[in-house]
1. Those residues that are free of Cβ contacts under 8 Å to residues at least 24 places away in the same chain and among the polar types (S, T, N, Q), I need them from the range A:163-210; list them, please.
2. Pairs only if they're at least six apart or on different chains, beta carbon under 6 angstrom, first in the range B:225-239 and on the phi < 0 side of the Ramachandran plot, second part of a helix (DSSP H, G or I) and β-branched (Val, Ile, Thr); list them, first residue then second.
3. Can you confirm whether the range A:215-229 contains a residue that is free of Cβ contacts under 8 Å to residues at least 40 places away in the same chain and aliphatic (A, V, I, L, M)?
4. If I go through the range A:176-202 residue by residue, how many of them are touching a Phe, Trp or Tyr at 6+ places or on another chain (Cβ under 6 Å) and among the hydrophobic types (A, V, I, L, M, F, W, C)?
5. Would you check if there is a residue in the range B:249-269 being touching an Asp or Glu at 6+ places or on another chain (Cβ under 9 Å) and either on the phi < 0 side of the Ramachandran plot or assigned to a helix (DSSP H, G or I) (or both)?
6. Test B:Val221 against the stated conditions and say whether it is crowded, with 20+ Cβ neighbours inside 10 Å and within 14 Å of another protein chain (Cβ to nearest Cβ).
7. Considering each residue of the range A:38-76, count those that are more than 14 Å from chain B (Cβ to nearest Cβ) and either closer than 30 Å to B:Ala8 by Cβ or of a type in the set (Gly, Ala, Ser) (or both), and give that number.
8. Please enumerate the residues belonging to the range A:217-261 that are within 24 Å of B:Asn238 (Cα to Cα), under 32 Å from the mean Cα position of the chain (by Cα) and surrounded by fewer than 16 Cβ atoms within 10 Å (Cβ to Cβ).
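The values are calculated or read from the model by the stated rules, or taken from the named source; none is laboratory data. Everything numeric in this text was worked out from a predicted model, so none of it was measured. Here Cβ is always computed from backbone atoms with ideal geometry, including for glycine, and neighbour counts include all displayed protein chains.
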Amino acid sequence: MIARAPLTLAGLALGAALAASPAQAERLIVSVSNHRVTVTPNYSGEELVLFGSVEKDAQTPASRTNYDLVVTVSGPRADMVTRRKERRFGIWINTDSRQFLKVPSYLALFSNRPYDAIASPEVQRRQQLGLNNVLLTQRVGPDYADVVPEDAFRSAFIRLRSEHRLYRENTSAVTFLTPTLFRTGIPLPGEVPIGTYDVEIKLFADGALVTRTETAFEIVKVGFEQFIATTARQNGLAYGLVTAFMALMTGWMASIVFRKD
Amino acid sequence: MQLYLPIADIPVNVFLILAMGAAVGFVSGMFGIGGGFLMTPLLIFVGIAPAVAVASVASHIAASSFSGAISYWRRRAIDPLLAAVLLIGGTIGTALGVWTFTLLRSLGQLDLMIALSYVILLTTVGGLMFWEGLRAMLRARRGGPVARRKPGSHGWIHGLPLKLRFKRSKIYLSVIPVIAVGLVIGFIGAVMGIGGGFILVPLMIYVLRVPTSTVIGTSMVLTLVTMVFATLLHAVTNHLVDAVLALILMIGGVTGAQFGARAGQKIRGEHLRLLLGLLVLAVGVRFAIELVIRPEDLFTIRETGGAG
């Protein structure tokens, strides 16, 4: 802790200096290959590409050439509960649980090299670099807080989401094509939820945040998929009646098709 | 062939779902059970959210039981009066069950209650049916007369008032136990989220002494009506019925159910009961193992709401 204090101070001083100067030294210009992913019957996931470039201006220190990038993609937020089973009276039952509040249903973190090489642990924590540092608010009794990365519920939550490919991180996914031009892929498996996705791009140099920018894309149902989804939500009774009628027709048709006697 | 399901929100392999529908349909046609207790876990295994699976399975069961019911009707293997009286009890039971379900949920530990009742119910019913089927088979093997209990030898049920003649089944029985059986099935179905056919069939055979010839067809009618209402209820209250998923399941299900019904007619009654007993017992044991063995992962995640 004591050893890290000067670094933290340096970081704070730099942050203050950046906030004070109105004109930033660098600017990030980014674009996603598709801002509107449409879900059709044959949709089975997609891979988007994020392109961008670092624009320098007169104020940019000439010595600054090595940039680091961290891209965070977060999907629509939802409340989730993680439960833990324990053995009671010879059977395994859910005994303890934690509620995660408004956490991203999809979360992907991509960078050009390991976080430890990009910034100090303090900056990593403050800038939420990596799944271990992302803010996941839990309700613990009456309190709302995030906990240490080693917390059993937190790590189980991240592990389970990662197993379903909904949370992921890759510290070599961002590639610099030239010293200022970069790209990264955003894989979206078919299971990812429908909704709006925020993409946050943070630029680091010499272990500190230089600038950041945001963009977004959405995954929407169109055509048939959209028709079914909206009808089910808005005309529940009619939808149910049609489904039930469909069931009876299917049953009746089968008995005619397969009638032998 | 991948297809994106509009309500379940995931892509699935159409042929896999078709095959699952056909397999469960075969079993349901053969034994006259809905098969929800088999289908729902299968869908959850494929990755469909449990709530969507339960809601969509209801319409799948409606389709396969309707196709099964038609072929049983042609064989005059349905007792309409018996079905109607059972339905009266079933309706009351469902209402009581929904009320109990809400009560249990407010107390917490609903999942455990459901798992425990599955284990107790399935292993007991399955075990009894298996044992009875085995004994009947052994008796037949030994060449002795298949000693069906003499009519009238089981006292109190036949001593009840309000007797009715169920012509198709050739039984003369008080409506009180029939309504009671319907009530139990409706109650269990609503609390545990299953059609209850696999409990109804043995109850009809052993408690009501309905001949095996009309048991399956009649139980299918009950399943059909319950599941049509369940579909409507799920569609109106939680909008989670996936019509596309349901249609694929149905097409597989009705095909399977036709072959199942044919196979069921060929198999001798006691063999059929033995097989059904074995199946129910196996599912019960599976649930029991799940409770007793240390789970591979002690943690589970469930979405509880928020911006979706």
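1. First pass over the range A:163-210, keeping only residues free of Cβ contacts under 8 Å to residues at least 24 places away in the same chain: A:163, A:177-178.
Answer for the range A:163-210, where residues must be free of Cβ contacts under 8 Å to residues at least 24 places away in the same chain and among the polar types (S, T, N, Q): just A:Thr178.
2. Note: pairs meeting the criteria are B:Met227/B:Ile61; B:Thr231/A:Thr243.
3. Checked the range A:215-229: at least one residue is free of Cβ contacts under 8 Å to residues at least 40 places away in the same chain and aliphatic (A, V, I, L, M).
4. Keep residues of the range A:176-202 that are touching a Phe, Trp or Tyr at 6+ places or on another chain (Cβ under 6 Å), which gives A:176, A:182-184, A:192, A:197.
Right, trim to among the hydrophobic types (A, V, I, L, M, F, W, C) and you get A:176, A:182, A:192.
Count: 3.
5. Restricting attention to the range B:249-269, the residues satisfying the condition of being touching an Asp or Glu at 6+ places or on another chain (Cβ under 9 Å) are none.
No: zero hits.
6. Details: crowded, with 20+ Cβ neighbours inside 10 Å: yes; within 14 Å of another protein chain (Cβ to nearest Cβ): yes.
Here the answer is yes, as B:Val221 does meet what is asked.
7. Residues flagged as more than 14 Å from chain B (Cβ to nearest Cβ) and either closer than 30 Å to B:Ala8 by Cβ or of a type in the set (Gly, Ala, Ser) (or both) within the range A:38-76 amount to 12.
8. Hits for the range A:217-261 are A:Val220, A:Val222, A:Gly223, A:Phe224, A:Phe227, A:Thr230, A:Arg233, A:Gln234.
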